[in-house]
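Notes follow once the structure below has been shown.
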Amino acid sequence: MSCHGLLPTVPALRSRGPSPVQEATRRRLVRGLTALAGLAMFVAALHTLRIELRAASWQGLAAGIAATAPERLVLALALTVLSYAVLTCSDGLALGTVGRRLAWRHVAGVSFLAYAISHTVGLSVLSSASVRYRFYSRWGVTRAEFPRIVFLCSSTPWLGWGVLTGLSLLTNPTPAASGSAGPRTAMVIGGALVSSIAAYLVATAVRRRPLRVGRVALALPGPAVVTRQLMLSMADWTLAGGVLYVLLPAGVPDLLTFLGAFLLAAFFGMVSHVPGGLGVFDGALVALLAPLLPPGDIVPALVMYRVVYYLLPFAVAMAGLAVDEARQRRAQLVRAGAVIDTMVGSFTPQLLATLAFVSGAVLLFSGATPASPGRLDLIARILPVGVVEASHFAASLTGVGLLILSHGLARRLDAAYYVAFGLVLVGIVASLFKGLDYEEALLLAFVFVALYRARALFDRRAAFFETRFSPAWTATLGGTVAASVWLGLFAFAHVEYANQLWWQFELHGEASRFLRASVGAAVAVAALGVSRLIGHAPYEAAAPTDRDLADAARVIASQSATMPNLAHLRDKALFFNGARTAFLMYAVQGRSWVVLGDPVGPTGEVPELLRRFLERCDDFGGVPVFYEVGPQHLHRYADYGLAFIKVGEEARVDLRSFLLAGPHAARHRQALRRLDMDGATFRVVPASDVPGIMARLRVVSEAWLRRKAGAEKRFSLGFFDEAYLTRFPVAVIERDGRVLAFSNLWLGADRVECSADLMRYAPEAPRSMMEALLLHVMLWGQQHGYQRFVLGMAPLSGFEQSTVAPLWHRLGAFLYQHGEAVYGFKGLRAYKEKFDPAWEPRYLAYRGGLRLPRILADLAALIAGGYARILVK
């Protein structure tokens, strides 16, 4: 028996939907298939480009890029400015629908930042939404209004794309506009696109109810707003296509034909989820325009288009974000280097990881392409060929290393930080020594400074190879390495392959260097894959060490709450903050990482401790669960996107007002008198004297377990363990030298809280023995100045019975009322109610969704000691 909360053991409940395991599997399958589909589209695009560019050469493409007329560049820049200017109107329109009127310079600036970043990094809804929220929330936009703004801004491009693509297929079903589909099929698709947009326009006119997306209700815009969205989007797509159109050389098809091919290629790029549609958009457009224009003329224009429409706006946007961050922290800019610190402070670890990944890709691509002959001749005057060869190989391996380590940087791992920091230095030296590639060296120098200034962000000590690699990251890594190999094969297509190429070491033997570097990169990636296949088994929570328990005891000694004393049982792992001044105790069952109670330690350490634990769960694909948490930290769990449900109420007796006088305490007085009449006595044995009575305590405990015909409960309950019991004073009731009942006592700091943990009684003890024991302990606590006595949790109590209550609350109320045969819910509540306690709610915090049944099963297994023992009392 214990005073503390026990999750009821109930039979599994049937669910109409898929089980939590099936749902989790489905989500992982969807993520994996999405990443695989994106990678497949990227590889298919590379294959298409290889076929279409079989008659082109690297030198010819480089000459085509250099030959771009200045007036075409100026016109392309002007059209880019107009395109982004039109896009700003969509933000103004969205703000108007929620009744917000902001200064146009603010709206234009935010819109430009959002679109410039989302165009380049991909995940347009997420990346642009984060930028918009950063600024619009500062200017009064509420969380209720923000989803409508995001919905309108993200739906606007698709409306214009649907109309323009549909019209192009209907009016000009040529191969360039329709791809491999025949003219009739193209016209059917075009008609369907135009009809769907028209149907949406009608729906906005007749539908009055909000559109629900998950838990978010979105009111559809009116027909007037949708019409403006259409006009803005059509103008933007036309201008965006015009940027590339003016960069194409003479002989380009008419604008309408080109625009149809451009829109179809853009579609493939968007659905591939590749950042900026890189490779996928380009390969699709080259294939669509191949009947009308030589691919060797299209690719140089595409390269310049990427620079003008993507890279330049992205660079301006990143500079704008850095300037805004500097303005927000202007008061801190009081020393040299503070501006750089502020700029780096605005870089999240994810952005620094992206920079590392891009730098690695640049090194790989540089190693796969010919170097400048003039620079090679110059470096040959300074360094021997052997240094050039070694530097080229080292640069490529450094590139692969940065690609791989970007995963650890995104997770803020300190080991990944230090290795990446060293690799960036190696990359700078190798870039200069392999061919005076100062452009790469400057990029890596910027990354070096950013990493140096951001050292404090990388404070996690998790092992790099133990963490989970996402399908999207794995697909991106594979796609980047494949792209570098493709680029090298294309750049050196004029070199006839021979076995001797592997062993040629000469200044201008760049094809040989590419082959060796590609093999090195492939071996590094293959080694990563093998390490994952033969890596560690799924994560198991480690038992606390003696040092862990010593540090935990020091933290517990300063806490008024008594539940943290369960950490001394060693059946739960301890997760500390960096300074080891706060911890949480948890155990792993299945995929559930269950934390018992709130974090233990100073309140200021709670947010960081929660964040680090959630990241740790994410590293290993665990499902974080917080069991028996109180109301004081619910807002912190909500800050991390966790949902919570009530699991019961904890009984607390106010010892400052606890009395045995009066009619309501007659039963208590009777229990104490009966104890005296039986000749039994009560005393509290100090912790130092507990080993002397341990044998007698064990006899009582074993007899109690035999009567219960079950095993010890664990996790949220104390169990008989000699090392554990000797840490605490033990309250005992004795008669004739024999122990009739006992309980170890938890005593909180500052004499605020005390509680009884493990409670056992002998077979010959009278029925009122445990009530008398609790009364004596309360009186003892009152005499020693404690403010409250905690009786533990009554599971499923305090639920409202209402048809409007959530499903879990209605189920909990039903089990509480009718589940006595399975577990004494009402009886336990009624027993504790005798002591006239105040009731405080206890919750379970988790990530929501359909995981709850599996989480409850895992939690019950933790407490019972295994799934097979769940139904054993």
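The values are calculated or read from the model by the stated rules, or taken from the named source; none is laboratory data. For clarity, every value in this text was computed on a predicted model and none was experimentally measured. For neighbour counting, all protein chains shown are included, and Cβ atoms are generated from backbone atoms with ideal geometry for every residue, glycine included. Calculation scope for accessible area: heavy atoms of the full protein, side chains included, ligands and nucleic acids excluded. Shrake-Rupley method; radii C 1.70, N 1.55, O 1.52, S 1.80 Å.
The set of residues from region 647-672 being assigned to a helix (DSSP H, G or I), closer than 20 Å to residue 755 by Cβ and under 54 Å from the mean Cα position of the chain (by Cα) comprises just one member, 668. Using beta carbons and a limit of 7 Å, which pairs, at least six apart or on different chains, have the first residue in region 761-776 and under 24 Å from residue 655 (Cα atoms) and the second one open to solvent by 20 Å² or more (accessible area, probe 1.4 Å) and in a strand (DSSP E or B)? As it stands, the answer is 769/761; 770/761; 776/682, since those pairs meet every condition given.
With the structure loaded, tell me whether residue 276 is out of contact with any strand residue (DSSP E or B) (no Cβ under 9 Å at 6 or more places or on another chain), open to solvent by less than 20 Å² (accessible area, probe 1.4 Å), at pLDDT below 80 and not aliphatic (A, V, I, L, M) or whether it fails that test.
Judged against the criteria, residue 276 is a match.
Does residue 714 count as touching a His at 6+ places or on another chain (Cβ under 7 Å) and open to solvent by 10 Å² or more (accessible area, probe 1.4 Å)? Spell out the reasoning first.
Working: touching a His at 6+ places or on another chain (Cβ under 7 Å): no; open to solvent by 10 Å² or more (accessible area, probe 1.4 Å): yes.
The answer is no for residue 714.
State whether one or more residues within region 443-457 are buried (at least 24 other Cβ atoms within 10 Å of the Cβ), out of contact with any His (no Cβ under 6 Å at 6 or more places or on another chain) and at pLDDT below 85. Checked against the condition, which is being buried (at least 24 other Cβ atoms within 10 Å of the Cβ), out of contact with any His (no Cβ under 6 Å at 6 or more places or on another chain) and at pLDDT below 85, region 443-457 yields no hits at all.
In summary, residue 323 fulfils each of the numbered conditions (1) part of a helix (DSSP H, G or I); (2) closer than 27 Å to residue 86 by Cα; (3) modelled with pLDDT of 75 or more; (4) open to solvent by 10 Å² or more (accessible area, probe 1.4 Å) with the single exception of condition (3).
Only one of the numbered conditions (1) modelled with pLDDT under 85; (2) assigned to a helix (DSSP H, G or I); (3) open to solvent by 30 Å² or more (accessible area, probe 1.4 Å) is not met by residue 407, and that is (3).
Checking each residue in region 588-637 for being of a type in the set (S, T, N, Q) and in contact (Cβ under 8 Å) with a residue 40 or more places away in the chain picks out 589, 592. Every condition in (1) of a type in the set (Val, Ile, Thr); (2) out of contact with any Ser or Thr (no Cβ under 7 Å at 6 or more places or on another chain); (3) at pLDDT 75 or above; (4) open to solvent by less than 20 Å² (accessible area, probe 1.4 Å) holds for residue 117 except the one numbered (2).
Evaluate the following for residue 759: is it touching an Asp or Glu at 6+ places or on another chain (Cβ under 8 Å) and closer than 22 Å to residue 568 by Cα?
Details: touching an Asp or Glu at 6+ places or on another chain (Cβ under 8 Å): no; closer than 22 Å to residue 568 by Cα: yes.
In short, no.
Determine whether region 309-319 contains at least one residue that is closer than 22 Å to residue 428 by Cα and modelled with pLDDT of 75 or more. Yes.
Within region 68-88, the set of residues being under 23 Å from residue 142 (Cα atoms) and surrounded by 21 or more Cβ atoms within 10 Å (Cβ to Cβ) comprises 87 only. The conditions of being at pLDDT below 50 and under 34 Å from the mean Cα position of the chain (by Cα) are not met by residue 814. Residue count for region 295-308 under the criterion of being open to solvent by 10 Å² or more (accessible area, probe 1.4 Å) and either under 19 Å from residue 116 (Cβ atoms) or free of Cβ contacts under 8 Å to residues at least 24 places away in the same chain (or both): the result is 4. Taking the criterion of being surrounded by 19 or more Cβ atoms within 10 Å (Cβ to Cβ) and over 18 Å from residue 300 (Cα atoms), the residues of region 239-258 that qualify are 239, 257.
I need the full set of residues from region 735-753 which are among the charged types (D, E, K, R) and either without any contact (Cβ under 8 Å) to a residue 40 or more places away in the chain or surrounded by 18 or more Cβ atoms within 10 Å (Cβ to Cβ) (or both), in order please. If you could, list the steps in order and put the result at the bottom.
As a first pass, look at region 735-753 and keep what is among the charged types (D, E, K, R): 735-736, 738, 750-751, 753.
Residues satisfying the conditions are 751, 753.
Has region 743-764 got any residue that is among the aromatic types (Phe, Trp, Tyr) and within 41 Å of the chain's Cα centre (by Cα)?
First, pick out the residues of region 743-764 that are among the aromatic types (Phe, Trp, Tyr): 746, 761.
Next cut, within 41 Å of the chain's Cα centre (by Cα) only: 746.
Yes, some residue in region 743-764 is among the aromatic types (Phe, Trp, Tyr) and within 41 Å of the chain's Cα centre (by Cα).
Conditions tested, residue by residue: (1) assigned to a helix (DSSP H, G or I); (2) open to solvent by less than 20 Å² (accessible area, probe 1.4 Å).
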| residue | (1), (2) |
| --- | --- |
| 727 | no, no |
| 755 | no, yes |
| 758 | no, yes |
| 766 | no, no |
| 772 | yes, yes |
| 775 | yes, yes |
| 778 | yes, yes |
| 781 | yes, yes |
